[in-house]
Amino acid sequence: MNNKKLAWEGQGMRWILSTLGLLIAAASLSAASTPRSTDWDLLGNSSEMQHHSDLTAINTGNVVNLGLAWSVDLPTETGLVGNPLIKDGIVFQSGPGGAIFANDVRTGKQLWTYLAEPKIDDASLAALISHQTSRGLALQGSNVIVATGDCRLIAVGQKTGKKSWEVQSCNPKEMYGITGAPRVGGGLVFIGNSCMDTGMSRGFVEAFDAATGQRRWRFYTTPGDPAKPQEDAVQDMAAKTWGTDWWGKAHGCASVWDAMTYDEKLDQLVIGTGGPAPWPVNQRASDAGDELFTNSIVALDAKTGAYKWHFKQVPHDGWNYEAAMGIMIADLPIDGKAQHVVLSVPKNGFTYVLDAATGKFISGKNYVDVNWTKGLDGNGRPIPEPATMYWQNSEQKAIMMPSTMGSHGWEALAFDPSTHLLYIPAMTIPTEIGMAKKGHNGIYMDFYAGDAPGAPVKPYSEIVAWDPVTQSAKWRTRGVMPINGGLLHTAGGLVFEGTADGKFEAYDAASGKLLWSARVGGAIRAAPSTVMLNGEQYILVPTGNGAASSTASYVSRYTSTPEARTPPRLLAFKLGGKAKYPAFAKFEPTPLPPQPRPNAELAHDGYKVFKANACSACHGAGGAAVGNRPPNLNKMPPVDLAMLRTVVKDGALAPNGMPGFKDLSDSELEALYAYIISEAWNAYDIDRGKPPVSSAH
């Protein structure tokens, strides 16, 4: 054989083998960069709460092919709002009262359900309201950990659905309840609580051993009775900031009702606190200082609960501009070098960047229009705007921007660690707030003020892509419904959000362009989660009427539409998904009220009773709750005054979570019934195209 031919064939074979080797290596690299399976086993997918995923299988180029893989109705009456957690092919979803639902990620098949036995006998109003709310759960080791409204933590086996341990945190007979998701880190589970803005109890956060439930430590967010020794020097320091004779006027609560973020790098827990009560500043101590630790970001040693630092956001707060939501840990390029920071996006309309090790203020800027302050000074302290201090201005009221619900609530932020963009689900809800002689916290609020004819600002929502380094917006979207769902960012260049009117949408993370949208039936408040399973990327999100959050009923006009108040469902999406979308809800007009329209003046008096006793916290503004628990009083009013008396004053439904109000007088009951019937008539007329007759202030 020709030697040249042999040499050529040998070189050709080596080239083929070399090329095959490169192709095999490239295939291996591709397979390594796209894992066949992943988990989403921490709230927000990381202890930093960034709601970011490195997955790229679903991306800007193919998201148009996203479709429904499956949907499943979950066995509860209450529309769910917690971020789904996913481990080993199982998706875990929490529900009110300590419910846990476990389903197969591939098929949606229900694997097991855990329903905690309620313990609400003699429970406080805070515990009863909290019993209807749940914003998520935690996974740790082999357990699922969920909180109950009646102040318990319960651990349940992930594979079995059987209880592993149970521990009592707060006291449900006092003004405490739990609505938030537990957080985990360093072998501990952390939980806070809520006093429903009453100021009737001391806020605190606790840590328990995640394996056994044994309590490790407790940190109080407000000082105790000054007539007694405080627990330590930190509480002594805090007590000095409340002013003269403060104990008889205000008790906090500085509730840690949502935001807790475990900083793994510094082994610290960063918490956000609620505001002081009563809200009007002139009803608290006249010489009060910062009223610590209300409206603050506080860092604690995760192992011991020892205080490390705090940053006060809103001194002399009269608007409930809490810091109890929107905390994230990140590394940002500050002054040319990487800096470990806390990002805080509270209610007050600002984004704060703080040094994570010291709490030092780095920068802050409002990302929406605000009117309560003229801006921040060099230390991050707000510069007062007297016109919106309703407790002392001439009109005793003001239209607030943001509203007392905030420009950002508990709905999840998202973050892109490569571009350092922060994605904020923002809401603009112009709200009138003013002084009231009798009412919850000494004030009244009208969240629907922006809907009034001639209102200069109408309610709307946004996604704001915010650069926290330059404190500037890169892009904004605008939506009609003011309160939508939490966000998910993926390395595929996408930002996902669900909406109040039953859509699930994907935006280009770089530009804000809407790339994909699907009508999915139910309203969405939760943040989506995403995982790879057997080589396919899934995105999961719960839908329904959102009633596992109190605001779903409190401002039902803004949190869902009648057509989006579907049964609670879990939805899974993937590329090429072909499942049929579940049915929308059917509009059911308000039935004819059982009594004639009452006297308008009497109904107006009943409005005051309704507000003073915080009835809207459960039954919603005007009684228009979503779902059937608690009932929508527009559609299901008491048939007569005698029935109202039996339920409201005598407490006939107390075992079902409806407390009795024994102190109501006969005249107050009569006025309350007039208001309920008046609002039922208004809803009846609106459903038939007629204008309502106002019973409000």
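Using the per-residue mean of other Cβ atoms lying within 10 Å as a proxy for protection, in what order, highest first, do the peptides 44-50, 447-453 fall?
44-50, 447-453
Counting only protein heavy atoms and a 1.4 Å probe, tell me what percentage of the chain's accessible area is made up of carbon and sulfur.
Whole-percent figure for carbon plus sulfur exposure: 54.
Going highest first, how would you order 654-665, 596-607 by mean Cβ packing within 10 Å?
Per-residue Cβ counts within 10 Å, averaged per peptide and sorted highest first, yield 596-607, 654-665.
Nothing charged except the Cβ atoms of Lys and Arg (+1) and of Asp and Glu (-1): what's the magnitude of the dipole of the range 438-594 about its Cα centre? Round to the nearest 20 debye.
Dipole magnitude for the range 438-594 comes out near 260 debye.
Could you tell me which of Tyr538, Tyr507, Asn634 has its Cα farthest along the dipole of the chain towards the positive end, charges placed at Cβ (Lys, Arg +1; Asp, Glu -1), taken about the Cα centre?
It is Tyr538.
Which of the lysines could a cross-linker bridge to Lys228, judged by Cα under 27 Å and excluding same-chain residues fewer than eight apart?
Correct list for Lys228: Lys173, Lys240, Lys249, Lys308, Lys312.
(1) 13; (2) 21; (3) 18: which one is percent of Cα pairs over 46 Å apart as calculated from this entry?
Checked against the structure: label (3).
Cβ under 14 Å from Leu111's Cβ, Leu111 left aside: what net charge do those residues give with Lys, Arg +1 and Asp, Glu -1?
Result for the local shell: +3.
Taking the Cβ of Gly364 as the center, what net charge do the other residues with Cβ under 15 Å away carry, scoring Lys and Arg +1 and Asp and Glu -1?
Taking every other residue near Gly364 into account, the sum is +3.
Nearest 10 degrees, 0 to 90: what angle lies between the long axis of helix 666-686 and the longest principal axis of the chain (Cα atoms)?
50 degrees
Given Cβ point charges of +1 (Lys, Arg) and -1 (Asp, Glu) and nothing else, what value in debye, to the nearest 20, does the dipole of the range 196-339 about its Cα centre take?
Computed charge dipole of the range 196-339: roughly 180 debye.
Quick check: net charge around Val480, other residues with Cβ under 10 Å of its Cβ, Lys/Arg +1 and Asp/Glu -1?
+1
Rounded to the nearest 5, what is the percent of antiparallel bridges among the DSSP beta bridges in the chain?
Bridges in the chain are about 100 percent antiparallel.
With +1 assigned to the C-beta of every Lys and Arg and -1 to the C-beta of every Asp and Glu, and no other charges, what is the dipole magnitude of the chain about the Cα centre in debye, to the nearest 20?
Roughly 1660 debye, rounded to the nearest 20.
If you check each cysteine of the chain for another cysteine whose beta-carbon is under 4.7 Å away, which ones come up empty?
Taking the Cβ cut-off of 4.7 Å, the unpaired cysteines of the chain are Cys615, Cys618.
Report the Cα centroid-to-centroid distance between the range 435-502 and the range 552-605 in angstrom, as an integer.
Comparing the Cα centres of the range 435-502 and the range 552-605, I get a distance of 20 Å.
For the range 30-186, state the semi-axes of the equivalent ellipsoid (square roots of 5 times the eigenvalues of the alpha-carbon gyration tensor), sorted largest first and rounded to whole angstrom.
Equivalent-ellipsoid dimensions as semi-axes: 31, 16, 15 Å.
Taking the dipole about the Cα centre of the chain, with the C-beta of Lys and Arg at +1 and of Asp and Glu at -1, give me whichever of Gly61, Ala414, Ala324 is farthest to the positive side.
Result: Gly61.
Suppose all protein chains stay in the model; what accessible area per residue would a 1.4 Å probe give for the chain, in Å²?
So the chain comes to 39 Å² accessible per residue, rounded to a whole number.
Working only with C-alpha atoms, what are the Rg and Dmax values of the range 257-311, expressed in angstrom?
Radius of gyration, then largest Cα-Cα span, for the range 257-311: 13.6, 42 Å.
Please sort 279-286, 317-324 by packing, taking for each peptide the average over its residues of neighbouring beta carbons within 10 angstrom, highest first.
Taking the mean over residues of other Cβ atoms within 10 Å, the ranking is 317-324, 279-286.
Efficiency by 1/(1 + (r/R0)^6): what FRET value for His340 and Arg688, r their Cβ-Cβ distance, R0 = 45 Å, to the nearest 0.05?
0.15
The values are calculated or read from the model by the stated rules, or taken from the named source; none is laboratory data. What you see is a predicted model; the values in this text were computed from it and never measured. With ideal geometry, Cβ positions are generated from the backbone for all residues, glycine too; neighbour counts draw on all protein chains shown. For the accessible areas, the whole protein counts, side chains as well, though only heavy atoms, and no ligand, DNA or RNA atoms are used. Shrake-Rupley method; radii C 1.70, N 1.55, O 1.52, S 1.80 Å.
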